[in-house]
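Q: Just dropping this structure here.
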Amino acid sequence: MPLCGALTKVRPNHFNDLSIAMRLSQYFLPTLKENPSEAQIVSHRLMLRAGMIRQSSAGIYSWLPMGLRVLRKIEQIVREEQDRAGCQELLMPTIQPAELWQQSGRYDDYGKEMLRIQDRHGRDMLYGPTNEEQITEIVKSEIQSYKDMPKMLYHIQWKFRDEVRPRFGIMRGREFLMKDAYSFDMDYESSKRAYNKMFVAYLRTYDRLGLKAIPMRADTGPIGGDLSHEFLVLAETGESGVFVHKDVLDFEIPSDDVDYESDLQPIVDKWTSLYAATDEKHDESAEAELGDQLLNARGIEVGHIFHFGTKYSEPMGATVTDQNGDEVALQMGSYGIGVSRLIGAIIEASHDDGGIIWPESVAPYKIGLINLKSGDADCDAACDKLYKDFNAAGIETLYDDTAERAGAKFNNMDLIGLPWQVVIGPRGLKNGMAEVKNRATGEKEEIAIDQLLAKFS
RNA sequence: CGGGGAGUAGCGCAGCCUGGUAGCGCACGUGCUUUGGGUGCAUGGGGUCGCAGGUUCAAAUCCUGUCUCCCCGACCA
């Protein structure tokens, strides 16, 4: 469908709209001064301290308003890029019938990671760890002719994998939010085009999230071939070692007017032309060959795309009639992004001793407005006006109107990690000035209060 | 699933060895104080010591069992 690229820019998304403004005195934001003892890695600690999540049981979390807000933002960027690539959103259930998995043969194979449950009639059900069977069933039932092919479908849904050992907070939970897309094609060549679309969409998605993500050759599973890549985000605290030709870091991200119907192979070829491997697949000989071109870093896996041919379509009978009237088993691929895990990855990649440093695209609010002297008539008036103006201009603002001391407010705002802090205090106010701090760089500058709106619009 | 550690106030911890009915810091309430990087003083509230048995006149403390959480490893988005 050639329309797919054009639709996304003004895509209304009412159910995902987020409120623009919030007063801290009214916000449910339970921040912690001290580190909870159970949290080991920095993203877990900061998510707990910044009041984003609370643990319910091992690997299962509640999302508090601040955390949910970031989750929604990430989800929305993922959604926009999937839509742009021509992938269509649907929503499949979390609970699936066991029969579906018996058909594919995975019901017995999957093991204890699959949470199995029974309904009141004793019918075997399961909490989906993934959705290949479910989507295959849908396409099988609804598509009979090559004329309705190809199709790319995705959903963003909670999954459950009963990990033996959940850890690292949200990064390795049992319950997690995932975008999974599935492609259906008549032949391998067509399937490869779908794969390339997702490849490009992934590059764009991670870039928009403020991340350096690098595609790396991954295990090809049962099919073989070269259509399988993992996307690793570079972060010092990453779980796996990565070895990358350093020029990969400077490769160009496809722009937002990429034509997804054009031949994307050159982009994919470019991005896979230089050496990039996780430590598991690292080839020692490449190390010598690359010399000082080689970057040895650490990474977090945040996405995986792969082609698996007829692995599910065949056993489940998902066939379509081709031009000759023959029944053909569909060529399939699946494309995952760990949405909730991405929050952890972003924090791992972007924080300092003071707390989180949100990239602007996913920051819960753009501006933290700090009233240094709540209760002071002039400070209150100046802040109220700014707050209203920002609000009217659609600038997301969290207004710290509490009676805390200055130091407490600064530290708390640093912890939360909003990109900009606008500080109003009696001292600057006398001259009509505010202090603006860039959270990422730490730079502070004095700006006239009446110019703030222009700066942030 | 193998190996290790921990459950005492919302959070971080002490007390346990050598039983006598619970304490410190932060947070919270109140009053004063202070006000540009987590003020200071005073005062107050809050805990079936994970749970269940057992030993004992008496158990946070000793014994047995059990549940949960965390860490290392194997596995994974």
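Q: Starting from the stretch A:388-416, keep only residues that are of a type in the set (Asp, Glu), then list their pairs with residues that are more than 10 Å from RNA strand B (Cβ to nearest atom) whose Cβ atoms are within a distance under 6 Å, requiring at least 6 positions of separation or different chains.
A: Pairs that qualify, where the first residue is of a type in the set (Asp, Glu) and the partner is more than 10 Å from RNA strand B (Cβ to nearest atom), are A:Asp389/A:Leu453; A:Glu396/A:Ile20; A:Glu396/A:Tyr365; A:Glu396/A:Lys366; A:Asp400/A:Leu24; A:Asp401/A:Arg23; A:Asp401/A:Ser25; A:Asp401/A:Asn371.
Q: I'd like the full set of residues that are crowded, with 23+ Cβ neighbours inside 10 Å and more than 24 Å from the chain's Cα centre (by Cα), limited to the stretch A:343-382.
A: Of everything in the stretch A:343-382, those that are crowded, with 23+ Cβ neighbours inside 10 Å and more than 24 Å from the chain's Cα centre (by Cα) turn out to be A:Leu369, A:Ile370, A:Asn371.
Q: A further question on this structure: Does A:Ile337 satisfy the condition of being modelled with pLDDT of 95 or more and part of a strand (DSSP E or B)? Before the answer, list the steps.
A: Details: modelled with pLDDT of 95 or more: yes; part of a strand (DSSP E or B): yes.
For A:Ile337, the condition - modelled with pLDDT of 95 or more and part of a strand (DSSP E or B) - is met.
Q: Mind checking whether some residue in the stretch A:241-255 is within 14 Å of RNA strand B (Cβ to nearest atom) and not acidic (Asp, Glu)? Walk me through it before giving the result.
A: Taking the stretch A:241-255 and keeping what is within 14 Å of RNA strand B (Cβ to nearest atom), we get A:241-242.
Now restrict to residues that are not acidic (Asp, Glu): A:241-242.
The answer is yes; a qualifying residue exists.
Quick grid of which residues meet (1) surrounded by fewer than 13 Cβ atoms within 10 Å (Cβ to Cβ); (2) at pLDDT 95 or above; (3) within 9 Å of RNA strand B (Cβ to nearest atom); (4) closer than 14 Å to A:Thr31 by Cα:
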| residue | (1), (2), (3), (4) |
| --- | --- |
| A:Tyr387 | no, yes, no, no |
| A:Ala403 | yes, no, yes, no |
| A:Asn412 | no, yes, yes, yes |
| A:Gln421 | no, yes, yes, no |
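Q: What pairs can you find where one residue is in the stretch A:95-124 and in contact (Cβ under 8 Å) with a residue 60 or more places away in the chain, the other is in a loop (DSSP other than H, G, I, E, B) and hydroxyl-bearing (Ser, Thr, Tyr), and their Cβ atoms are less than 7 Å apart, with a gap of 6+ or different chains?
A: A:Ser104/A:Tyr312
Q: Sticking with this one: Can you tell me which of (1) at pLDDT below 95; (2) surrounded by 12 or more Cβ atoms within 10 Å (Cβ to Cβ); (3) in a helix (DSSP H, G or I); (4) among the charged types (D, E, K, R) is the one A:Lys112 doesn't meet?
A: So A:Lys112 meets the others, but not (2).
Q: Ok, one more. Looking only at residues that are polar (S, T, N, Q) and within 15 Å of A:Pro364 (Cβ to Cβ) in the stretch A:6-25, which one is modelled with the highest pLDDT? Explain how you work it out, then say what you get.
A: We begin by selecting, within the stretch A:6-25, every residue polar (S, T, N, Q); these are A:8, A:13, A:16, A:19, A:25.
Restricting the remaining residues to those that are within 15 Å of A:Pro364 (Cβ to Cβ) gives A:16, A:19.
Values: A:Asn16: 55, A:Ser19: 88.
Looking at the filtered set, the residue picked out is A:Ser19.
Q: Residues of the stretch A:217-248 being at pLDDT 90 or above and exposed (fewer than 13 other Cβ atoms within 10 Å of the Cβ), which ones? It would help to see each step written out before you state the result.
A: Of the stretch A:217-248, the ones at pLDDT 90 or above are A:228-234, A:242-248.
Within the stretch A:217-248, just A:Asp247 meets the criteria.
Q: Out of (1) of a type in the set (Gly, Ala, Ser); (2) in a strand (DSSP E or B); (3) modelled with pLDDT of 95 or more, what's the single condition that is false for A:Gly299?
A: Against the list (1) of a type in the set (Gly, Ala, Ser); (2) in a strand (DSSP E or B); (3) modelled with pLDDT of 95 or more, A:Gly299 comes up short only on (3).
Q: If you don't mind, there's one more thing I want to ask. Just the residues that are part of a loop (DSSP other than H, G, I, E, B) and at pLDDT 95 or above, please, taken from the stretch A:432-457.
A: Within the stretch A:432-457, the first condition is being part of a loop (DSSP other than H, G, I, E, B), and the residues that meet it are A:432, A:439-443, A:457.
Matches in the stretch A:432-457: A:Gly432, A:Arg439, A:Ala440, A:Thr441, A:Gly442, A:Glu443.
Q: Is there a residue being part of a helix (DSSP H, G or I), over 23 Å from the mean Cα position of the chain (by Cα) and farther than 30 Å from A:Ser104 by Cα anywhere in the stretch A:252-263? Spell out the reasoning first.
A: Of all residues in the stretch A:252-263, those part of a helix (DSSP H, G or I) come to none.
No.
Q: What number of residues within the stretch A:32-67 satisfy the criterion of being farther than 15 Å from A:Ile356 by Cα, hydroxyl-bearing (Ser, Thr, Tyr) and not in a loop (DSSP other than H, G, I, E, B)?
A: So the count comes out to 4.
Q: On the given criteria, is A:Ala39 aliphatic (A, V, I, L, M), modelled with pLDDT under 95, within 11 Å of RNA strand B (Cβ to nearest atom) and surrounded by 14 or more Cβ atoms within 10 Å (Cβ to Cβ)? Step through it out loud before you land on a result.
A: On the way: aliphatic (A, V, I, L, M): yes; modelled with pLDDT under 95: yes; within 11 Å of RNA strand B (Cβ to nearest atom): yes; surrounded by 14 or more Cβ atoms within 10 Å (Cβ to Cβ): yes.
It is true that A:Ala39 is aliphatic (A, V, I, L, M), modelled with pLDDT under 95, within 11 Å of RNA strand B (Cβ to nearest atom) and surrounded by 14 or more Cβ atoms within 10 Å (Cβ to Cβ).
The values are calculated or read from the model by the stated rules, or taken from the named source; none is laboratory data. Predicted model, so just to flag it, every value in this text is computed and none were measured. Quick reminder, even Gly has a Cβ in these numbers, built from the backbone with ideal geometry, and neighbours come from all protein chains shown.
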